[in-house]
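Have a look at the structure below, then the notes.
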Amino acid sequence: MIEHRQTLINIKSDLLSICISALEKQDSYYEYSLLLHKCLHQHFDIDQCFFLLYEGETLKPFNINSTNEINEIPWENFESWFGQQKWVEVPDDLLMTSEFKQLTHMILLKVGHFDIHGVLLVKSTPKWSAFTQSEYFEDFVDVVSKTLSMISKNVVVRHNEKQYRKLYTMSDLFHSTMDIDLILENVLITIQENFPNFNVELILSNDQDRQTKIPIKQFDYLSERPSAIEAFVSGKIITEDADDLNCTLLNAPIKGRQAIYGILQVSAPYSYLFTSTQKEFIRMLAHASGNALENAKLYHQSHRLISDLQLINETSHRLNMRLDINEMFMFLQKQLMKSFQPMELCFVLKENDEYKLTEASTDLFQMDEGAIYINHVGNHFNKSHDPLFIADFSRLISKDVRYKSVMAIPMIVEQRINGFSIVLHRDSYFFSFDSFKLMQSLIHHSSLAIANSILRNQLQEMVDHDHLTKLYARNYLDKFVEQSLQNDDSGMFLLIDIDNFKRINDTYGHQIGDTILVQIGELLMNIIDDRGISARWGGEEMAVYVTNIHENEALQLSQQIVDSIPKATDPSVTISAGLVFWNKKAPAEYQKIFLQADTALYVAKNNGKNQVCLYDDSMLLQS
């Protein structure tokens, strides 16, 4: 008995050494297990033993004299094996494991009724059997349990202190930076340092900045796990045993004061139970990062808003400078490319209930692939005035397409859609909601200027063209000829008069007369095409002007017109024409060229009509 009492005293002395060292070290479990084995060997000749630490409803082995890895063992198994006892034989289920097959007994190390700390497994010896029968064995179990309890509390305190010191340091960093990359990077580093054996993933909502360099996953309601969606919606930590992934997931909402910005997802081994302390630390980390992310987001938003307002103001100012419609769209193209970095872009105008592509569109929309987007957007705007913000276009049409992200904004003036703009990117969820709102503002502020430009063009078109024949008007012809005389090397001016046109009106009526004018106008436009212009000079007189042409060519072209008109009109009519040709060697004067053409026309009329006469100075004597 005295011997057993002295053994207990010696063991207490050894355990006291552990308590003292535990005050200086953060993790003393391994040292505790080594010293405990040393005590057992010294006092009871025990060569084989194992110490299992209780953590999160499992028992984690600290292997002694072992080289093999032993998995964590669920506590519920030991609960049934111990029952109400603290000292039992090793059950057959454990003896099947090679590490445990030589062991005979195990001791439950706990303080009170619920505070479990671990299990000690030993291979019994005569000294050990004798000691277990003594009155000091209960004290031995109690002191070993209390020592382990004290060490556990010290480890938890030091671990928490280290965690919260990191959390404080990180929070201090968060309050001193507006760098989103730095914030996200430190969240990942802090989690990995505290949970080195777990995987961590940041799942951020779709309106976050796409330019971040930190690897993140975009939150997608259609593909996320229900537990992640529940955490995002409820703002609470949600755990899930994911059978398909063979792991346990903890989803902590990254929450600021105004909104939830994503999920911090921690993956642990399957059936792992996160402690309340672990959950609280992850919650506080996610909350701190959420506030920091929100502050940085608001900071960047304020700068972006200023930039957006400047962009809108600049765009509005430029578009109201009476630019040509094509210049407007080219300017808008540059603005959209600079602001949203799309891969493809187009502007479409609505004319007579049909959508027509403008020149300020990328090549994709000239092909069948681009027509898919134009048709889809056009059909939408035929039914609704609402803009389109599509994160993944392939899901809408059940077809794989190259460009997933789509923004389409209508050009609306007085509740009528005059056209629309589309921007595309290959990546799904590429455009943020802020980008969508900015593009709406840009197109909205541009729509009126574009509509005004279209109206100006239409009005100018009416001014520049004759309403009946669609030929150019006299004023436009005057300007065209004046510019040609200054810029071109040569030119021909042909003045045409319909022979006996009064007789046509008197015989067939003015409606037939108008029809003949239209027929001649169409013929002139077809013959001249883009070589020059055709114009209505006034009444039954018309004119043709062609630039950079040789004299022989001018004569042939004039004769072709005279010969063609009788065949192209019904009833058939003939024309008389006066031709003026000039080049750099014999330049013409702007005021004289019309007089000379009129003189040549007068000669053609007097010489029998249905002919063309080339002007020369001798005609002045005839007139």
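Scanning region 69-111 for residues that are assigned to a loop (DSSP other than H, G, I, E, B) and of a type in the set (F, W, Y) yields one hit, F100. Looking across region 500-519, the residues that are under 20 Å from V562 (Cβ atoms) and either hydrophobic (A, V, I, L, M, F, W, C) or in contact with a helix residue (DSSP H, G or I) (Cβ under 8 Å, 6 or more places away or on another chain) (or both) come down to F501, I504, G513, I516, L517, V518, Q519. The residue that is farthest from L332 (Cα to Cα), among those in region 356-374 that are β-branched (V, I, T) and in a helix (DSSP H, G or I), is I372. Looking only at residues of region 107-145 that are modelled with pLDDT of 85 or more and of a type in the set (K, R), we find that the one that is surrounded by the fewest Cβ atoms within 10 Å (Cβ to Cβ) is K127. Just one of the listed residues (L595, L579) is in contact with a Phe, Trp or Tyr (Cβ under 7 Å, 6 or more places away or on another chain), assigned by TED's automatic domain parsing to the domain that holds D529 and under 24 Å from N487 (Cβ atoms), and it is L579.
Of all residues in region 449-468, those that are under 16 Å from G419 (Cα atoms) have Cβ atoms under 8 Å from Cβ atoms of residues that are at pLDDT 75 or above and among the hydrophobic types (A, V, I, L, M, F, W, C), 6 or more apart or on another chain, in A449/M328; I450/M328; I450/F329; I450/M411; A451/M411; A451/V413; S453/M328; I454/L349.
Got a number for residues in region 482-504 being among the hydrophobic types (A, V, I, L, M, F, W, C) and out of contact with any strand residue (DSSP E or B) (no Cβ under 6 Å at 6 or more places or on another chain)?
Within region 482-504, residues that are among the hydrophobic types (A, V, I, L, M, F, W, C) and out of contact with any strand residue (DSSP E or B) (no Cβ under 6 Å at 6 or more places or on another chain) number 3.
Is at least one residue of region 355-366 out of contact with any Phe, Trp or Tyr (no Cβ under 9 Å at 6 or more places or on another chain), touching a residue at least 12 places away in the same chain (Cβ under 8 Å) and surrounded by fewer than 16 Cβ atoms within 10 Å (Cβ to Cβ)? No, that holds for no residue.
Just one of the numbered conditions (1) touching a residue at least 24 places away in the same chain (Cβ under 8 Å); (2) surrounded by fewer than 18 Cβ atoms within 10 Å (Cβ to Cβ) is not true of L495: (2).
Would region 277-284 turn up any residue that is assigned by TED's automatic domain parsing to the domain that holds N186, at pLDDT 85 or above and either closer than 21 Å to Y221 by Cβ or not acidic (D, E) (or both)? Taking every residue of region 277-284 in turn, at least one turns out to be assigned by TED's automatic domain parsing to the domain that holds N186, at pLDDT 85 or above and either closer than 21 Å to Y221 by Cβ or not acidic (D, E) (or both). In the condition set (1) without any contact (Cβ under 8 Å) to a residue 12 or more places away in the chain; (2) assigned to a loop (DSSP other than H, G, I, E, B), E280 is compliant with all but (2). Against the test of being within 60 Å of the chain's Cα centre (by Cα), assigned by TED's automatic domain parsing to the domain that holds L614 and closer than 24 Å to D514 by Cβ, the options I561, I565 yield a single qualifying residue, I561.
The values are calculated or read from the model by the stated rules, or taken from the named source; none is laboratory data. Fair warning: this is a prediction, and the values are worked out from it, not measured in the lab. Virtual Cβ from ideal backbone geometry, glycine too; neighbours counted across all protein chains shown.
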